[in-house]
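Undergrad: Take this structure first; my questions come after.
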Amino acid sequence: MSFDNDDFDDMSDVDDMCYSDVEEEEEDEEWEEGSNCFDDGLDVPIEKEQEVDTREQKIIQGANLMPRIDDIVARANNVLDTTAINCRMLLFQFRWKDDVLVERFTEGNDIAQLLKASKVSPSEGKPLPLVSGECELCCDDSGDVVRFSCGTQVCKACFDRYLSEKIHENGAAFISCPGYKCSQLIDDDAIKKYCSDKEGYQKVVINSYVLANSQMKWCPGTDCARVIEVAWTPNDRFTKTVQCDCGKTFCFNCYGERHEPVSCGILRKWQQKSADDSETLNWISVNTKTCPKCRNMIEKNGGCNHMTCRQPGCGHEFCWICYADWKGHNYECRKFAADPGGKRSKAEADLKKFLFYDNLYTTHKKSISANKQLYERVHAMREKIMNIQGILTYQELDFVIKSVDSLLKCRTTLMYTYAFAFYLEDSMEKTIFEDNQIDLEKAVEELNGYLEKEDLEDEDIKLLKQNIINKSAYLEKRRHALLDHVRQGEEADTWKFVDY
């Protein structure tokens, strides 16, 4: 079972529970080399082969975290000398930094003071006896009534239902007495004794540990119950992709889809800017454009930006992005040309610049959706290659499917490069970045053209196969070159950004 952050917004039945004001560690922990356990609304196919640097991550089955939790509680409680539930609540407040909690405690703060932030009363650690009497919840008389130190009495059946509701409906890892306005914590031992869903309680305890730990996140993969633990302190100044054993990749810092090379902070600004109505008032349609030659309206229904007008008597070939003739096209239109004379107002220039990059971003986003239809087409292409060459197997022709995977992955990277480039200040490094962009863009469009090729003649198959293999390999090479250049700039702190 996996947990999403949204499913556990209320980690307790205690109102307004908050963390202690603990500063995140600035320095990352040192991890041993090889210590990992690795065996934007776009549903890009999951990579089956590892392509993410996993040296600074660990993959843990969520259920296996309970011994670690118990160990941290026991270690802290050697100093605090309180109940396990009191200690665990405090560790949750202090984001499971037991050394910080112990230091705060030794400064003279007692348990009740430290628990004030949670608006709960400390557990007394006393067993809850069974007595005869009336249940305050169902009002029935029973010989099995659980009596709390505050005087509240509930029958075992109602207490079990109360605990189960808190666990399943609220995801509560900390549960207080069911008495009216009573905030006293119920001990773990009592919950384990009277709750029928012991496994469910253990899961929410583990989930509270993961959600309070900035260096841990549940894998968002479908039905995945693994936790990714990293060796760095997340921040939005960069993006950091992690990969689970299930194959799912995601950005650890923002918990979204991977979005190299743009940082989480800049991507968030970009998305907010894109959603601003003031920017879309002057929106230029990216769904249809007019042919530069005959002025006939053309709808873009594929992923390739090499357009051919189908109007009878025309047949003009041009670039969807810049309208230039395709013959002799050099992909220079991927570079934004600023206003050298400064004739436009800054607001107008900024808007034009945004629309330029947003057009490129949106075009690739639409192309990604269109390119997903290529899987059906390449299956037919694979069948034709097998019929012609005969001796080949499906496994030997996997390159066709993998080429579509590469195309989608590289288009996604290109899409995010335009959000990155919009905020990037002009520099020599930006020029190199744009050159890498153009190289990758050109390779993407060429591979896209090969995969959309129709009416294949038998003699074309062998050449097409070689072109697809070579271009896919080149595509991956150019993608890694672009991303490596961005990472090097991040490490050297050479990237400077404009604040729009």
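Undergrad: A 26 angstrom limit on the alpha carbon distance is what I want to check against. Which of LYS97/LYS181; LYS58/LYS365; LYS116/LYS166 exceed it? Provide the component values of the computation, followed by the final result.
TA: Values: LYS97/LYS181 31 Å; LYS58/LYS365 32 Å; LYS116/LYS166 21 Å.
Going by Cα-Cα distance, LYS97/LYS181; LYS58/LYS365 fall outside the 26 Å limit.
Undergrad: Quick check: pseudo-label points 7 Å beyond the Cα along Cα→Cβ at GLN272 and SER214, how many nm apart are they?
TA: Taking the simple label geometry, GLN272 and SER214 are separated by 2.0 nm.
Undergrad: Between LYS193 and ASP81, what is the label-to-label distance in nm when each label sits 7 Å out along the Cα-to-Cβ direction?
TA: 2.4
Undergrad: Would you kindly compute the Cα radius of gyration of the stretch 420-484 and its largest Cα-Cα separation (Dmax), both in Å?
TA: Computed over the Cα atoms of the stretch 420-484, radius of gyration and Dmax are 15.4, 50 Å.
Undergrad: Moving to a separate point now. Which pairs, out of LYS402/LYS462; LYS248/LYS442; LYS352/LYS496; LYS248/LYS335, put more than 25 Å between their alpha-carbon atoms?
TA: Working: LYS402/LYS462 18 Å; LYS248/LYS442 28 Å; LYS352/LYS496 21 Å; LYS248/LYS335 33 Å.
The pairs that break the limit, which is 25 Å between Cα atoms, are LYS248/LYS442; LYS248/LYS335.
Undergrad: How high is the FRET efficiency between ASN470 and ASN301 when r is their beta carbon distance and R₀ equals 45 Å, given to the nearest 0.05? If you can, show how the numbers build up before the last one.
TA: Working: r = 27 Å, r/R0 = 0.61.
Given R0 = 45 Å and the Cβ-Cβ separation, E is 0.95.
Undergrad: Which three lengths, in whole Å and largest first, does the stretch 207-254 cover when its Cα atoms are put on their principal axes?
TA: In descending order, the Cα extents are 30, 23, 15 Å.
Undergrad: Along the Cα-to-Cβ line of SER164, 7 Å from the Cα, sits a label point; which residues in the stretch 197-238 have backbone N less than 13 Å from it?
TA: Residues passing the 13 Å test: 197-201.
Undergrad: Give the long-range amide H neighbours of PHE174: residues separated by 5 or more places, or on another chain, with amide H under 5 Å away, using H modelled in the peptide plane at 1.01 Å from N.
TA: ASP13
Undergrad: Report the net charge of residues surrounding THR413, where surrounding means a beta-carbon distance below 11 angstrom and charges are Lys +1, Arg +1, Asp -1, Glu -1.
TA: Values: positive: ARG258, LYS409, ARG411, ARG478, ARG479; negative: GLU260, GLU441, GLU476.
Taking every other residue near THR413 into account, the sum is +2.
Undergrad: Something else about it: Report, in whole Å, the centroid distance computed from the Cα atoms of the stretch 211-253 and the stretch 416-479.
TA: 29
Undergrad: Over all alpha-carbon pairs in the stretch 139-223, figure out the percentage whose distance exceeds 17 Å.
TA: For the stretch 139-223, the share of Cα pairs beyond 17 Å comes to 53 percent.
Undergrad: Using the basic label-point model (7 angstrom from Cα toward the beta carbon), what is the GLN373 to ILE461 distance in nanometres?
TA: Taking the two extended label points, one gets 2.5 nm.
Undergrad: Related question: Between the stretch 120-150 and the stretch 356-374, what is the C-alpha centre distance in whole Å?
TA: 62
Undergrad: Now a separate question. Only Cα pairs under 8 Å and at least 6 apart count here; give the relative contact order of the stretch 90-197 as a rounded whole percent.
TA: After rounding, I find 20 percent.
Undergrad: Moving on. Under Stokes-Einstein, with the Kirkwood radius over Cα pairs standing in for Rh, what whole-number D in µm²/s applies to the stretch 108-167 at 37 °C and 0.692 mPa s?
TA: For these conditions, the coefficient is 250 µm²/s.
Rule-based calculations on the coordinates, nothing more; no lab input. Not measured: the values here are computed from a predicted model. Note: ideal-geometry Cβ built from the backbone for every residue, glycine included; neighbour counts use all protein chains shown.
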